[in-house]
Amino acid sequence: MSEQRGNNLVASTPARLIVSALKRAGIDLVASLPDKWLSDLLEEITADPVISHVRVAREDDGVGLCAGAYLGGRKAALVCQNAGLLLSANALAGYALHHQIPFLILSAYRGSHDDAYYYQMYKGRVTLPVLDALGLPHHVVASPTDFYLIEEGAQQAYLTRMPVVLLFTRRALLGDVVATK
C-alpha cells in the first residue's frame, strides 16, 4: 500500500488510509478512547492538522461530542472499542437516534474471529445483536480493501440521519497481522 504525497510516494499504513478516507468524507473532528488495536490510528489522527482530536473519558461523552459537532455544523466521528459501543447504548438510542443526529463510529471489533484474547470474546458475541436491537446501521471492515466503507458509511449516516457503525477487525486496523496468544 502506498500513497502520493507531493512528489514522493509514501508507504501507507492502515491508519494513514483510514485518516485519508475520513478527510475525504469531510470529517474534521474525532472523539476517541484508546484501545491497543487503535493506537496507530489515534496517533495518525492526532498528527493530522485538519482533524481536531478530542480524547474523552467515556464513550458516551464521545457520542455527545459528535452530536454537538453536528449541531455546530461539523462532521464528526467517534473512535473506540466495541465495549464502548455497548456502554454508549443509552446515549446512542436516546438523543443521537431520537434526535436524528448523524455521525460515524469507527470501532475496534474486539472478540471477532481474529482476536486472540478469550476475555474479549463476549464482546464479539453481543455487539451485532445490540447494534441490531438499537436499529443502528453497521458494517464490518475486514481488511483495507473495505476502507471504501468509511466514505460510504459517512454518506449513509447523513442520508439516514443516524449514527453508522463500522466494526474494524484486527486485520483491517493492523494489516496482515496474525493473532497469537
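The values are calculated or read from the model by the stated rules, or taken from the named source; none is laboratory data. As the structure is a computational prediction, the values presented were derived from the model and not from experiment. Cβ coordinates were reconstructed from backbone atoms using ideal geometry, including for glycine residues, and neighbour counts include every protein chain displayed. Only protein heavy atoms, including side chains, enter the accessible area calculation; ligands, DNA and RNA are left aside. Shrake-Rupley method; radii C 1.70, N 1.55, O 1.52, S 1.80 Å.
When both residues are 6+ apart or on different chains and their Cβ atoms are under 6 Å apart, which pairs have a first residue that lies in the range 118-136 and is under 13 Å from residue 85 (Cα atoms), and a second that is buried (at least 16 other Cβ atoms within 10 Å of the Cβ) and of a type in the set (Ser, Thr, Tyr)?
Close Cβ pairs satisfying both conditions: 124/112.
Any idea which of 29, 71 is hydrophobic (A, V, I, L, M, F, W, C), touching a residue at least 24 places away in the same chain (Cβ under 8 Å) and open to solvent by 60 Å² or more (accessible area, probe 1.4 Å)? Please lay out each step first, then the result.
Numbers: 29 fails: open to solvent by 60 Å² or more (accessible area, probe 1.4 Å).
It is 71.
Being among the β-branched types (Val, Ile, Thr) and under 12 Å from residue 58 (Cα atoms) is the filter here, so list the residues in the range 72-112 that pass it.
Residue satisfying the conditions is 79 alone.
Residue by residue through the range 36-53, note down the ones that are touching an Asp or Glu at 6+ places or on another chain (Cβ under 9 Å) and not in a helix (DSSP H, G or I). Spell out how you get there, then give the answer.
Looking only at the range 36-53, we keep the residues that are touching an Asp or Glu at 6+ places or on another chain (Cβ under 9 Å), and these are 37, 42, 50-52.
Once the filter is applied, which keeps residues that are touching an Asp or Glu at 6+ places or on another chain (Cβ under 9 Å) and not in a helix (DSSP H, G or I), the range 36-53 yields 50, 51, 52.
Just the residues that are farther than 19 Å from residue 23 by Cβ and polar (S, T, N, Q), please, taken from the range 44-89.
Residues satisfying the conditions are 81, 82, 88.
Among (1) buried (at least 22 other Cβ atoms within 10 Å of the Cβ); (2) of a type in the set (Gly, Ala, Ser); (3) at pLDDT below 95, there is one condition residue 175 misses while meeting the rest; what is its number?
(1)
If we keep just the residues of the range 122-152 that are more than 19 Å from residue 89 (Cβ to Cβ) and not hydrophobic (A, V, I, L, M, F, W, C), which is surrounded by the fewest Cβ atoms within 10 Å (Cβ to Cβ)?
Step by step, filter the range 122-152, then rank; the result is 145.
Taking residue 38 as the residue in question, decide whether it is open to solvent by less than 20 Å² (accessible area, probe 1.4 Å) and farther than 15 Å from residue 103 by Cα.
Yes.
Got at least one residue in the range 28-35 being touching a Cys at 6+ places or on another chain (Cβ under 9 Å) and farther than 22 Å from residue 127 by Cβ?
Looking for residues that are touching a Cys at 6+ places or on another chain (Cβ under 9 Å) and farther than 22 Å from residue 127 by Cβ, one finds at least one in the range 28-35, hence yes.
With respect to residue 170, determine if the residue is surrounded by fewer than 20 Cβ atoms within 10 Å (Cβ to Cβ) and basic (Lys, Arg).
no
Looking at the range 148-164, I want the residues that are of a type in the set (Val, Ile, Thr) and have a partner that is in a helix (DSSP H, G or I) with Cβ atoms under 7 Å, at least 6 apart or on another chain. Which pairs are those?
Between residues of the range 148-164 that are of a type in the set (Val, Ile, Thr) and residues that are in a helix (DSSP H, G or I), the close pairs are 150/18; 150/21; 150/22; 164/153; 164/156; 164/157.
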